[in-house]
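The values are calculated or read from the model by the stated rules, or taken from the named source; none is laboratory data. None of the values given here were measured: they were computed from a predicted structure. Cβ: placed from backbone, ideal geometry, glycine included. Neighbour counts: every protein chain shown. Heavy atoms of the whole protein, side chains included, go into the accessibility calculation; ligands, DNA and RNA do not. Shrake-Rupley method; radii C 1.70, N 1.55, O 1.52, S 1.80 Å.
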Amino acid sequence: MSRVPILAGNWKMNMLRADAEAFCSRLDSELASALGEAGPEVVIFPPFTLITDVAGGLKGSVAQVGGQDLHSAPSGAHTGDVSAAHLIDAGCGWALCGHSERRSDHGESDAQVAEKAKAAIAAGLKPMICIGETGEERAAGKTFEVLERQVAAALEAIEGADAWVLAYEPVWAIGTGETATPEVAQQAHVFIRRMVSERLGAEAGQELRILYGGSAKPANVEELFAQNDIDGFLVGGASLDSEKFLTMIRSCARAAR
Ligand code: PGA
């Protein structure tokens, strides 16, 4: 079973139009050669205000664009939010759901994350659902309990969807420079895949792409990607630099060959 890897860049609340323009023109000119024949799918998650710029700037390449969040309602009185339809209208094919910074900054619950994923799927977006334990939860031996709860909520949301992705992002590794070791990440990915297989069947479990996120960078992507159950990366900090991001694309493309 070969799963097409994904390298996704989450710009969070960074980059302005000029930065996005420079990034896109570099990616656009280098992407085809970086990908080669077996490269990963590439997805960029810009801030909302830059989605149309990035979608336009990457039009000539195979790179895709996604929203960092969405509201679960299709439209209405929700000041400051955007809907799945807004994301699609702006050029998105993907939506991040339940990033840990949404969970911590905005108190998003598993149930709300599931509603967002459902709204994304209903509108035709592919949800990339983020899960992962905090440092305290890991220290307390609760990693698998937390993952079980978060995966169960995600599975309830994706019923009937044919394209969705999970991103395992241990919160203690996000933006800290402290990456999970390949063994720690692989152990979590195996647990997640086993759970998906038990609930949805062996084939669905084998097909699901599970990305790793948390201080992924050019220096560690190869050893993480060498793990059987790591199918790509959701990259924060290192995705702001087109050269670092291209290096990571090249690493995944080489390894996937
Ligand atoms: P990081 O962020 O690569 O800066 O740790 C990853 C993420 O939050 O998606």
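Shown is the FRET efficiency for Leu16 and Asp241, computed with R0 = 25 Å from the Cβ-Cβ distance and rounded to the nearest 0.05: 0.95. Is the shape of the chain rounded, prolate or oblate, going by the alpha carbon gyration tensor and its root eigenvalues a ≥ b ≥ c, with a/c under 1.5 for rounded and a/b larger than b/c for prolate? Because its axes are fairly even, with a/c under 1.5, the chain counts as rounded.
Across the stretch 26-154, the relative contact order, built from alpha-carbon pairs under 8 Å that are at least six residues apart, equals 20 percent.
Positive contributions from Lys and Arg (+1) and negative ones from Asp and Glu (-1), summed over other residues with Cβ under 15 Å from the Cβ of Gly107, come out at -4. If a spin label sat at a point 7 angstrom from the Cα of Asp105 along the line to its beta carbon, the backbone N atoms of the stretch 51-90 nearer than 11 Å would be those of 68-69.
Within the chain, the longest run free of GluC sites (Glu not before Pro) that sit in a DSSP loop with at most 10 other Cβ atoms within 10 Å is 38-158.
The relative contact order of the chain, computed from alpha carbon pairs under 8 Å that lie at least 6 residues apart in sequence, is 23 percent. Applying both filters, DSSP loop and at most 11 other Cβ atoms within 10 Å, to the trypsin sites (Lys or Arg not before Pro) of the stretch 1-85 eliminates every site. Rank Ala119, Ala63, Ala204 by mean-square fluctuation in a GNM of the chain with C-alpha springs under 10 angstrom and give only the top-ranked residue. Ranking Ala119, Ala63, Ala204 by mean-square fluctuation puts Ala204 first.
Among Ser83, Ser100, Ser197, the residue with the largest mean-square fluctuation in a Gaussian network model of the chain, with springs joining Cα atoms closer than 10 Å, is Ser197.
Just to confirm my numbers, what's the Cα centroid distance between the stretch 204-230 and the stretch 101-122 in Å? Value for the Cα centre distance between the two parts: 23 Å. Would you mind classifying the stretch 136-257 by shape? Square roots of the alpha carbon gyration tensor eigenvalues, ordered a ≥ b ≥ c; an a/c under 1.5 is rounded, otherwise it is prolate if a/b is larger than b/c and oblate if not. Oblate is the answer for the stretch 136-257, as a/c is 1.5 or above yet b/c matches or exceeds a/b. In plain terms, the chain from Glu37 to Glu148 could stretch by 36.4 nm, reckoned as 0.36 nm per residue minus the Cα-Cα distance. Under a Gaussian network description of the chain, with springs only between Cα atoms under 10 Å, the residue in Ala139, Ala77, Ala152 that fluctuates furthest is Ala77. Computed with a 1.4 Å probe over protein heavy atoms only, the accessible area of Val190 comes to about 50 Å².
The Cα atoms of the stretch 58-182 give a gyration tensor whose axes a ≥ b ≥ c have a/c of 1.5 or more with a/b greater than b/c, which makes the shape prolate.
Provide the per residue accessible area, probe 1.4 Å, for the stretch 45-160, rounded to a whole number of square angstrom. It amounts to 45 Å² per residue over the stretch 45-160.
Taking other residues whose beta carbon is less than 13 angstrom from the beta carbon of Val54, and scoring Lys, Arg as +1 and Asp, Glu as -1, yields -1.
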